[in-house]
Each structure stands twice: as C-alpha cells, then as structure tokens.
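Notes follow the structure.
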Amino acid sequence: MSVLAETDIRRLIGQSPPLIEGYIKLDEQVQANGFDLTLRDVSVMLSAGQIALSNNDRKLTDLSLQPFDSNDFIMLAAGIYMVTYNEIVHLPKDIMALGRPRSSLLRCGVGVGTAVWDAGYEGRSQSLLTVHNPQGFRVQKNARITQLVFMELTGKTEGYKGIYQNENT
C-alpha cells in the first residue's frame, strides 16, 4: 500500500470519472499528500440514532440544517455537528481514503471524525465536527476543513456496496 502524491491525485482528477469533482479552488485544495475537502453545510442532531445487529434496524439521527450569516459564517457553540462537504469523491476500486482534520482546526480546539472512504465509494460525504473549545468556533462556508489521504491498495477490490453509495449527489 502506498499514499498517493500530488501528481497522482492531479492525474486521477483528470480522469473520467474524476477522483474529486465539485471542488472550489483546485490549486489550494490539492496538497502534497492529499486533498482538502471544503464545508458545504452544517447540521445539528435532533434525535437519537441506532445501530443494531441488522442494518434493517439502523436508524440515523435526524438533522437540522443551520443557516450561515450574511458573510457566509456560522458560529458553533461547543458540541457536535454533522458537516457535509462540497466535493463528490469517486474512488477507483484500488484506492481508499482516510480523512483527517486540518491542523488549523485542531489549533482552534475542533476535531473532525470520519469513517474510512472504501475503495469504490462514490458520493458527497458527511463527517462529525466536534467543537471542544468552550468559547466556540466560527467557520465560513467553503472553508477547507478535512484532508483526504488516498492509499493505493495492493489490488482491486469488489468495491463499496453500502447504503451510502452516491449519498448527497
């Protein structure tokens, strides 16, 4: 397994389907070892969720979309939020990705919780944004918040087949 470098990421963005589409500023978002995802929207959680032995008994948390102010900022109190990214990811069946918060978020007392982006996944992902800072956190729409790091697998897989395939597209 190897981590994709900037040249590989740019090459895959140029293919069809592109590795990433819907980006805001390609030259700012492509990094030496990954790609920065940007903030599309923020939601608060309204209900309990449930995970069970069977996926048939899974219940996702109800969400309420939060408005940005006239300057496209939102002030977030300490707590948890669901964020949706602008970008749509199209992972080939031999590439997976892991998401990590940008270091500037960590320096503000904010974390991003992500799951694995499985090989073959396509969609506009969501992640958990946690504001640990008791003073809160202010973030602007389209800000870069999470870096995806892409890893080439030792071979092709069957590809992701879960319920989140093509989510939010």
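The values are calculated or read from the model by the stated rules, or taken from the named source; none is laboratory data. Keep in mind it's a predicted model, so treat the numbers as computed, not measured. Note: ideal-geometry Cβ built from the backbone for every residue, glycine included; neighbour counts use all protein chains shown. Accessible surface areas use protein heavy atoms only, side chains included; no ligands, DNA or RNA. Shrake-Rupley method; radii C 1.70, N 1.55, O 1.52, S 1.80 Å.
For the reader, a short list of remarks on this structure follows.
- Of everything in the stretch 79-106 that is in a loop (DSSP other than H, G, I, E, B) and within 17 Å of ASN168 (Cα to Cα), the residue that is most open to solvent (accessible area, probe 1.4 Å) is ASN86.
- Residues located in the stretch 38-93, provided they are touching a residue at least 60 places away in the same chain (Cβ under 8 Å), farther than 21 Å from ILE24 by Cα and in contact with a Lys or Arg (Cβ under 6 Å, 6 or more places away or on another chain): MET75, LYS93
- The listed residues are LEU19, LEU76, LEU65, and the only one of them that is surrounded by 15 or more Cβ atoms within 10 Å (Cβ to Cβ), at pLDDT 95 or above and closer than 18 Å to PHE137 by Cα turns out to be LEU76.
- Some residue of the stretch 45-55 being in contact with a Ser or Thr (Cβ under 8 Å, 6 or more places away or on another chain), of a type outside the set (Gly, Ala, Ser), within 30 Å of GLU21 (Cα to Cα) and outside any loop (DSSP other than H, G, I, E, B): yes
- Given (1) at pLDDT 95 or above; (2) at positive phi, index of the condition ASN166 fails: (1)
- Test: residue in the stretch 27-43 that is surrounded by 11 or more Cβ atoms within 10 Å (Cβ to Cβ) and hydroxyl-bearing (Ser, Thr, Tyr): yes
- Residue tally, condition out of contact with any helix residue (DSSP H, G or I) (no Cβ under 9 Å at 6 or more places or on another chain) and under 25 Å from SER70 (Cβ atoms), over the stretch 127-142: 8
- PRO18 fulfils the conditions (1) in a strand (DSSP E or B); (2) touching a residue at least 24 places away in the same chain (Cβ under 8 Å) except for a single criterion, (1).
- From the options ASP27, ASP57, residue that is farther than 26 Å from GLY136 by Cα and out of contact with any strand residue (DSSP E or B) (no Cβ under 8 Å at 6 or more places or on another chain): ASP27
- Count of residues meeting criterion [open to solvent by 30 Å² or more (accessible area, probe 1.4 Å) and within 20 Å of GLU21 (Cα to Cα)] in the stretch 144-167: 9
- Flag if GLY109 is modelled with pLDDT under 95 and open to solvent by less than 30 Å² (accessible area, probe 1.4 Å): no
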